[in-house]
1. Could you please find all residues in segment 18-27 being assigned to a helix (DSSP H, G or I) and surrounded by fewer than 17 Cβ atoms within 10 Å (Cβ to Cβ)?
2. Return the residues of segment 1-12 that are closer than 21 Å to residue 83 by Cβ and either part of a helix (DSSP H, G or I) or out of contact with any helix residue (DSSP H, G or I) (no Cβ under 8 Å at 6 or more places or on another chain) (or both); say none if nothing qualifies.
3. Tell me, which residue of segment 77-88 that is assigned to a helix (DSSP H, G or I) and surrounded by fewer than 19 Cβ atoms within 10 Å (Cβ to Cβ) is modelled with the lowest pLDDT?
4. Considering segment 28-76 alone, what residues qualify as being modelled with pLDDT under 95 and part of a loop (DSSP other than H, G, I, E, B)?
5. Checking the condition at pLDDT 95 or above and surrounded by fewer than 15 Cβ atoms within 10 Å (Cβ to Cβ), which residue from 118, 103, 91, 122 passes?
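The values are calculated or read from the model by the stated rules, or taken from the named source; none is laboratory data. Because the structure is predicted, anything quoted here is derived from the model rather than measured. Cβ sites come from the backbone with ideal geometry, for glycine too, and all protein chains shown count toward neighbours.
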C-alpha cells in the first residue's frame, strides 16, 4: 500500500489525489506519512495550480496528525506551496511540541520572507538658500 501511494507521487498525477484522501485517517502512521510525502512531491512543482491549491486542506489535516513524523512531512510539503494560504498553518506549527516539526515550519516560513529592496540613494537636491538680507542697513 505504501509503495502504491509513493508511486502516485513519482507519477506526478494529481488525478490520484482522491485515492490519497481515503488514507488521511488510516490507522498506520506510516501510511499517513506516505500520503504527506506524496502530496509534497506533487506540490513541489513550484507553481500554484488548482490541483496544488486543492492539496492544502489535505496537508493541513495531516499537519495536525497525532504522529510527529506525519506532521513534519505535511509541514515540509506545505512549505513547497507558493501560496500565502499556507502561512497561518506554518505559523501554528511553530508552536508544535515536537522540535523537528517547529524547525521544519521555521525553514518553510523563511521561504516566504519578503526582503524590501533598499532604494538607491538619490543625490540630495541642492537647496537654494535665499541670501540673508538684514532689515537694518548700516
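1. Within segment 18-27, the subset assigned to a helix (DSSP H, G or I) is 18-21.
Within segment 18-27, 18, 19, 21 meet the criteria.
2. Applying the first criterion (closer than 21 Å to residue 83 by Cβ) to segment 1-12 yields 9, 12.
Hit for segment 1-12 is 9, nothing else.
3. Applying the first criterion (assigned to a helix (DSSP H, G or I)) to segment 77-88 yields 77-79, 84-88.
Pick out the ones that are also surrounded by fewer than 19 Cβ atoms within 10 Å (Cβ to Cβ) and you get 84-85, 87-88.
Numbers: 84: 90, 85: 94, 87: 95, 88: 96.
Once the filter is applied, the top-ranked residue is 84.
4. 44, 45, 46, 47, 48, 49, listed by residue number.
5. Working: 118 fails: at pLDDT 95 or above; 103 fails: surrounded by fewer than 15 Cβ atoms within 10 Å (Cβ to Cβ); 122 fails: at pLDDT 95 or above.
The unique qualifying residue is 91.
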